[in-house]
Structure formats: structure tokens, C-alpha cells
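See structure below.
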Amino acid sequence: VQSRVYRSGAGAGSSTMAYGTTDAVVGPRSEEEVTPLTQEIEVEVEAESDASEGEGATPSSSPSSLGGKVATFVLFSGAMVSMVTMPQLFGTPFGTKDSTDLSTSMEGVPTLTLDNAHTRRTGRVLGDGMYKRNIAQVHKPTRMALDASSSPVVWKVDGEVLSATPTMEVEHTFTKLGKHTVEAGDYEFTVDSSAVRYEIRDLDDDDREGYFKALRSFYDISQDEGEALYGDSYKSSDYLVREHIYGAADMACDHWHDDAGILNHHVAVTWQMEQSLRAIDPTTAAHYWDYTRDAAEDYEWYESDIFDDDWFGTAHPSNKDHILDTGRFAFTKVKTDARGFSNVTNPYGVLRSPWNTNPVPYVLRSNYTNYMAYDGYTSFPSCSEFSDYVGEDLAYVLNALNGQLHGPVHIMIGGQWDLSSKWSSYMNEMTFADNFLLLAKVLWRVGFLRVPDYCSTDTPHSDCMTSCPEEYRNGMNATEIFAAAHLGRDTADSNWLTKLDDYGFTHEDLLDEICHMGSPGEMFTSAAPQDPTFWPLHGNAERFVQYLRLLDEEGITTFDQTWGYHHDSNIPSDTHLVCDWGDEDPAYELSMPTCIHETCSGHKEDDVLPFTGLFSDQSGLYTNKDMYKITDPKDTYMPYVYDSLDYWEGCTGGSMLDSAIQHGKIGASASVSGDAAGASSLVNALKSFRERSFDGMYGKKKASSSASTSASAASTTMSLSSSSSQPATVYGMGPGEVPPDEIAQPNGGLEPGR
């Protein structure tokens, strides 16, 4: 415990897992049954915070929290910071009075404010004041102060006296995640200690360096080494790459993308990565990259600080193999000899998508996608593109997050090469370059495109390419194959077939080149987590959805959160096809799969997801519905928070809501609740919400000395899914799949690395 007391007196400033149909999954070590969370679970809030309730504990709640109005969950996982403003720094702690303002009814009761070095430096409250709870960043000094009308007091944290000398404020470093009781004289407050995810460029130099060092170590530490250092549940980069491949490179369908499961899967895998990152360095978190900032600047996207050698390294390696060969992440290894580790590898045994047959065992990048620079994009997705979805339904937002709002970044960094140069002009006219890979994956799933089963290390790459062998065509020509694979309108260019004549190409030429597939960079494949830029990319999407959920909760805008997905009609990867290969082995059998139009498992509301170790005492697997509930920003399930929600530097005026108003997305004609009608009312409503006081900032009179100074023991039951009668749908790779590992956290749930 680290504390510093200010003595200046009053007025202080400022697995992998199986996917099929099963009712339970068996862990590889314990062999005990892991039942999906489709029934009610009981969790207790212990009277004392002992070491057994460490990082990652499953959320518990008081009865009052279940209505969604007040959330008092115990949680010891991850980390986050949402802080109440210091009056001297950020103005009145009460904000604009409205029907929920507590100041008039709490006169004479002291208020607690918290800040840290980041909020003092930026002048912005963590979460922009939208989380409405007292949050202290774990492992970083937090300054706690009473309002100026109070008198100096003795401070305690969880019963430990910080200083016997009465003061108005104190600085303390919380070294354990979860809820803490802060006593200030005769009053007590509850403070949540969390990890905080910052925009990478807003970190100070020391914290940014700490993040990158931990991330580099994450890629260097193998699964075995990580388990030896940090416990059996440590998940290495190889583990998480495999997890992503199992979901996205399944021959049946893509369980992660192109449907409603897109957000939950990427939130969960980033959460898992953060657990490992914080096992290496407990002071850091899975910080995010707000690429809309780059879109707002006048430099080229690849000139962003993000691609400095000391950061993520160049977006355009100059060597012939496209290896990331300079900077901190130079020659980041891709796992070789991976067949004993993963059921899915490429023909060389490299931990890649099976159809990415490139044998080079390092992270690869290219600025060109099949001869088209930057895949035809001139900048990253912008603030205005995000703000266009403020007020839209969840189904449309998920579609945008799958494609428009984040997909281009993957392709611009990954790229694709090794196709014949004769297609260069056609590609550049058609703005169609990325669709070659997407169309090829469809042909692979429906059985026309085949991948070599095995290539020895001395086999030239040119002899180990994908193809569409004649024997699998069943006598069909290229035109008939395009129709059979439902590719007739699955491209953004409606004239992609008719335009072939202008370049002297035939349908057969096009089919041969698509089936050839070439070499994509990691970010344009199912092994995207192999590239370090994968991790900060998805936090931007999650904080955007958190923002929309809070705006809706406050009635500032509407956000219909009915589970669903808006499907496009001309996206090659959005086929709605699920292909059943049965017991056939595509490497040896000449049979074809049975493909039907259906929602791929992993995307329906009650589908069970494969993510373990999110909480240290997680007792089963979560459904999509569970994950969406757990990640509700108004509750305290999550072990982390974001530094900002409304503040987006790339937006005009730095506000996402302002951008939505300025671009005519919302305003007087938008569907808003209450009296919020028109742009001015919306802005004022958001300001009122951000500045409004909340219960937790007011002290509560301490109970008698005989009572516990921590939260009283309580037990409650909370339902985490809608039905327990139906079997859980869990997706996977079929016979021989790797089952989920033990559900636990490093060091039995204690703070990682401590």
C-alpha cells in the first residue's frame, strides 16, 4: 500500500474452444465439467477484501442493482478509471441542477473528489464524467479530497490509517482491483479501483513506454513460459491468435465477423489480452488507438505516430518479403511447427489462416492490396463516419463496426500481394482489390477452392498455393461456379464481371486468379492478432458503443439495442452461408459440403462464446446476451474503463455528439427523449449528465464501531441468460478440437505479477 498525505489544510486543489453443439465443455487439465452460464449464478460480496478475492472475480450485485438503476457489484479484475472532478480543476461537482441533482438534499454532507496525473494534465475527467462512480486507477497515485466546506479529517482505506494527522486531501495508490472503502472522518465512500484504457498518444512518455515494453514481452513469451511465470491461465499471443483463427477460419462459416457477434468477440479477446498484459506489468492496460484523429490531420495516414519505430513500426516495409523489419516489433515471430499446438495451420505448419500459405515466419504488412495503394482508401475512418451512427439501431452499428468503421484499417495495414501483375489496371479501375480475398474465402468454404494439406519447409511458396482443381468443379465452368457459390452480386462493383472484356479477361481468368489467392498480410487474415496493431484497434469500437448506451440510458439520444445485424447485399464475406462438411476431410475426400442459408453460430443472442478467464472465478461460458449485459458501462461488471467517451480529438470541437449534430445526424428532427429537442437541448443534456452529481460522491455516516467498515456480506442471484432449457451452441473446428482450458486467473486470482 502506497500513500501520500497532503498537510496543507483546507481548500486543497484539485480455445479455443470448441464450437459445435454441446451442453458442456471439459477442461484439458482438471477434466471437470464447465457448464455454460445458461442458468442463474450466485455470487457473494465478502465482508472483507481478502487475498482470495483477487483480480477477476465474477460480478456480484445488491438487489437494488438488478433494475439497472444502481449498480453495486464487487469486481476484482482488469482495471479502469472514471473519476469525479476536483472542484478547483473542473468546476462544481454538482454540475447543472435537474430532477436527479442531489445537492439540495445532501446539504452538509461532504463530497469526495478524485483525480490523478492524467486528469490534471488533460483537464478531462476519466470517462468524461459519464461512468457515475468513484474510480481510482489501479497502481497509479490517486488524489482524494473533500470539498472545501469540510474540515480536515483522518483518512483510512479498508480500515488502514493513512495518516493520523487530519488533512483535507490525501494521495493513495490502490494496489488491488475492486471495491475499497475510504473513510474520511465520520464518513465513508466506496471507490472502485480499475485499469484505465487511454488513447495511446495521451499517455505520458513513461506510461507509453511501459505499455510498449509489456506488449513486446507479450509477443516474446511463449504459452509454456507464460504459464510458468504467471499461472496456468496466462494466454500468450499464440494462444489468442489460435483462438481467433478457430473462430474466423472455420470451414463452416466465420463465427466472429459479418454478423452480430462481431463486437462481443473482439471485446472478450481484448479483455483476455489485457489480463496477460497486466500479468507482465500491472500498471498498464489494453490502451486504444483513436484513428479518427489521424483522419482529421493533413498528413498521410502511414505518417501517423502510431507507425513510428518506437511504437508499432512502419506500415510499409520496403523488403521484398514485406516483413516488418524495423523498430520495436521488428521480426515479430509467427509460430512455426504449430500443428501440435493448433488444429488449424497453413500447409507449412505456420500459425496462419490455412489459405494464407506464405511460409515467411514473421509479421507481414503491405500498403498495397493487389496493386491498389491503400486498398483505395485515402484516410482512416473519420469522426463524421462514426457520428453518422449516433441514434442508429444496434444492428446498424454492429454492421458499421464490422466494416466501414474499422475494416479498412485492417486492410490498409495488412495488404495483399503475389497476384499476377496483369490484373493491376483492372483492380485500380474497379476499386475491387480486397474482394479478391473475400471471394476466395467463399470459394474455399463451399468447396471449390482447395489448400495443399502439407508443404515441406523446402517447398517453394509458388508450389504451395491455393487453387480450384478441375476435379472439384463437377463439370461446371467459371460462370456456373460463381453462380453456385452465390457470388453473382457479392461485390461492391456491380459490373465486376462485365468489365472483364475491356481488359481481355474471361471468367476463367478471373476464377483462376481468385483461386490463386496470393499472400495477405496478417491484419487482412484470420490471424490478425499476430500483428500488434490489432489490439489498440478494437478498443475504439467498444468505447463508441459504451457511449451510445449511456446516451440512450440518459434519454439524450435513442439506441434500439434489440439483438440483430443489418446485412449488406454486396459484401462478399457476408454470405449468410453455413457449410456442413460432416466427417469429410477436405484434404483427401472429393466430396463437397452441404451449404445452407443460416446464421453462423457465435452470432445469435443465446449462442455461447468460447472465452475463459475473464473473471478469476468464472464458472462457465457466457452467451452473447450475457456478454452484452456484462459490458454495460452503467454497471460495474467490467474490470476496466475508458479515459474518454464523448471526447474524440478528431471531431470538430472534440465532441462526438457535437459532430453528430453538425452533420445533421441528430437534432430537432431526431428521435430524442424528454425535453431534449434540438441541438442546443442535446448539448445541454449531455453537459448536465457529465457534470451531474451521483450517490457515491456523497459520504455516508459510518456505522457503529462494531460494524464492518467494508461492504456487508450479501448474496444475490442474477440470471445471465434467457433460457436454460436449450442446449448451448458452441462453435469449433470439429473432431480433435482443443477444449477450453481451466477457468482461472494468474496466481489464483491475485493481482497479476504480485
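Among residues of the range 205-219 that are polar (S, T, N, Q), those with a Cβ under 7 angstrom from a residue that is open to solvent by 20 Å² or more (accessible area, probe 1.4 Å), sequence gap 6+ or separate chain, pair up as S217/I280. If only residues of the range 335-355 that are among the polar types (S, T, N, Q), modelled with pLDDT of 95 or more and open to solvent by 10 Å² or more (accessible area, probe 1.4 Å) are counted, the one that is farthest from F436 (Cα to Cα) is T336. Taking residues in the range 608-630 that are among the small types (G, A, S), and partners anywhere that are open to solvent by 10 Å² or more (accessible area, probe 1.4 Å) and not in a loop (DSSP other than H, G, I, E, B), the pairs with Cβ atoms closer than 7 Å and at least 6 places apart or on different chains are G613/Q275; S619/I41; G620/V34. Of all residues in the range 474-492, exactly one satisfies the criterion of being at pLDDT 90 or above and either among the charged types (D, E, K, R) or surrounded by fewer than 11 Cβ atoms within 10 Å (Cβ to Cβ) (or both), namely E480. Exactly one residue out of A268, A260 is under 23 Å from M638 (Cβ atoms) and in contact with a helix residue (DSSP H, G or I) (Cβ under 6 Å, 6 or more places away or on another chain): that is A260.
Candidates L263, L240: the one that is open to solvent by 10 Å² or more (accessible area, probe 1.4 Å), within 29 Å of A395 (Cβ to Cβ) and under 18 Å from the mean Cα position of the chain (by Cα) is L263. Scanning the range 320-329 for residues that are open to solvent by less than 40 Å² (accessible area, probe 1.4 Å) and of a type outside the set (V, I, T) yields a total of 4.
Quick one: would you say V161 is of a type in the set (A, V, I, L, M) and open to solvent by 40 Å² or more (accessible area, probe 1.4 Å)? Criteria met by V161. In the range 356-387, which residues are under 21 Å from the mean Cα position of the chain (by Cα) and open to solvent by 10 Å² or more (accessible area, probe 1.4 Å)? Of everything in the range 356-387, those that are under 21 Å from the mean Cα position of the chain (by Cα) and open to solvent by 10 Å² or more (accessible area, probe 1.4 Å) turn out to be S382, E385. Only one of these conditions is not met by M517: (1) crowded, with 23+ Cβ neighbours inside 10 Å; (2) over 25 Å from the mean Cα position of the chain (by Cα); (3) farther than 27 Å from R242 by Cα. Which number is it? Just one mismatch for M517, condition (3). Among the residues making up the range 128-161, those that are in contact with a Ser or Thr (Cβ under 8 Å, 6 or more places away or on another chain), part of a strand (DSSP E or B) and charged (D, E, K, R) are R143, K156. Taken over the range 101-149, the criterion of being more than 22 Å from Y642 (Cα to Cα) and in contact with a strand residue (DSSP E or B) (Cβ under 8 Å, 6 or more places away or on another chain) is satisfied by L102, M106, V109, P110, T111, A145, L146, D147. Summed over the range 388-409, the residues that are polar (S, T, N, Q) and buried (at least 18 other Cβ atoms within 10 Å of the Cβ) give a count of 2.
Filtering the range 90-120 to residues that are at pLDDT below 95, of a type outside the set (A, V, I, L, M, F, W, C) and part of a helix (DSSP H, G or I) leaves S103, T104, S105. The set of residues from the range 602-650 being in a strand (DSSP E or B) and open to solvent by 10 Å² or more (accessible area, probe 1.4 Å) comprises just one member, Y647. You will find that of T562, T525, the residue that is open to solvent by 10 Å² or more (accessible area, probe 1.4 Å), among the polar types (S, T, N, Q) and over 21 Å from L443 (Cα atoms) is T562 and no other.
The values are calculated or read from the model by the stated rules, or taken from the named source; none is laboratory data. The structure displayed is predicted, hence computed values, not measured ones. A quick note on method: Cβ atoms are made from the backbone with ideal geometry, for glycine too, and the neighbour counts reach across all protein chains shown. All accessible areas refer to the heavy atoms of the entire protein, side chains included, with ligands and DNA or RNA removed. Shrake-Rupley method; radii C 1.70, N 1.55, O 1.52, S 1.80 Å.
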